[in-house]
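All remarks here apply to the structure that follows.
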Amino acid sequence: MEKAFAAGIIDANKYQSLQDFNDDTFVVEMVETFIQQNEIYVEELEQAVANSDFEAIRKVLHKMQGSASTVGAKVMTSEIMKLRAFAKSADIKNINKFKERLYKAVDTTKTALLELSSMPN
């Protein structure tokens, strides 16, 4: 469990606040929701980038940032912030260059959350 926290993938305090609800299924449901939402968001982002639709890119990144913040996904949030800056300046070249880093952060976060949520409180 400490690995995800030590690596800076997940904010330990934020994750602990999710566990403070004392509902065994709450964290599991939050993780499932995170995974489902971000699968959709990645598809939406790919479509928006393919169309160079900067407004849609900003909207998807905003949704992803909210999702990441809810579970304390620090690395993912950092990558989103970089892409939001590129979207604001309509920099499609760097969006294409850096979006894979976001996708990797999504996968890493997903793996960390699945490991954490399967452990006893």
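The values are calculated or read from the model by the stated rules, or taken from the named source; none is laboratory data. On a predicted model such as this, the values are computed, not experimentally measured, just so you know. Positions of Cβ are backbone-derived with ideal geometry, glycine not excepted, and every protein chain shown enters the neighbour counts.
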### Residues (surrounded by 11 or more Cβ atoms within 10 Å (Cβ to Cβ) and assigned to a helix (DSSP H, G or I)) located in the stretch 10-23
A12, K14, Y15, Q16, S17, L18, Q19
## Note on the structure
The one condition M30 fails out of (1) buried (at least 17 other Cβ atoms within 10 Å of the Cβ); (2) modelled with pLDDT under 90; (3) not acidic (D, E) is (2)
### Task
Test M119 against the criterion of being at pLDDT 95 or above, hydrophobic (A, V, I, L, M, F, W, C) and either under 26 Å from A6 (Cβ atoms) or not in a helix (DSSP H, G or I) (or both), and give yes or no.
no
### The one condition in (1) farther than 13 Å from K110 by Cα; (2) touching a Phe, Trp or Tyr at 6+ places or on another chain (Cβ under 7 Å) that K59 fails to fulfil
(2)
### Query
Here are some conditions: (1) in contact (Cβ under 8 Å) with a residue 60 or more places away in the chain; (2) more than 14 Å from the chain's Cα centre (by Cα). K74 meets all but one. Which one does it not meet?
(2)
### Task
Please specify each residue of the stretch 45-62 satisfying the condition of being in a helix (DSSP H, G or I) and either touching an Asp or Glu at 6+ places or on another chain (Cβ under 8 Å) or surrounded by fewer than 17 Cβ atoms within 10 Å (Cβ to Cβ) (or both).
E46, Q47, A50, E55, A56, R58, K59, V60, H62
## Note on the structure
Residue hits (the stretch 63-72; surrounded by 15 or more Cβ atoms within 10 Å (Cβ to Cβ) and either on the phi > 0 side of the Ramachandran plot or not polar (S, T, N, Q) (or both)) are K63, M64, A68, V71, G72
### Query
Taking the stated definitions as given, is I35 touching a helix residue (DSSP H, G or I) at 6+ places or on another chain (Cβ under 6 Å), surrounded by 21 or more Cβ atoms within 10 Å (Cβ to Cβ) and part of a helix (DSSP H, G or I)?
no
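Restricting the search to the stretch 86-121, which residues are of a type in the set (V, I, T) and touching a residue at least 12 places away in the same chain (Cβ under 8 Å)? Break it down into steps so the answer makes sense when it comes.
Filtering the stretch 86-121 for residues of a type in the set (V, I, T) gives 92, 95, 106, 108-109, 111.
Within the stretch 86-121, I92, I95, V106, T108, T109 qualify.
Tell me, which residue of the stretch 73-116 that is part of a helix (DSSP H, G or I) and acidic (D, E) is surrounded by the fewest Cβ atoms within 10 Å (Cβ to Cβ)?
Taking the stretch 73-116 first, the residues part of a helix (DSSP H, G or I) are 74-88, 92-116.
Now restrict to residues that are acidic (D, E): 79, 100, 107, 115.
Details: E79: 24, E100: 10, D107: 13, E115: 14.
Among those that are part of a helix (DSSP H, G or I) and acidic (D, E), it is E100.
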### Message
Being among the small types (G, A, S) and not in a helix (DSSP H, G or I) is the requirement here; does G66 meet it?
### Response
no
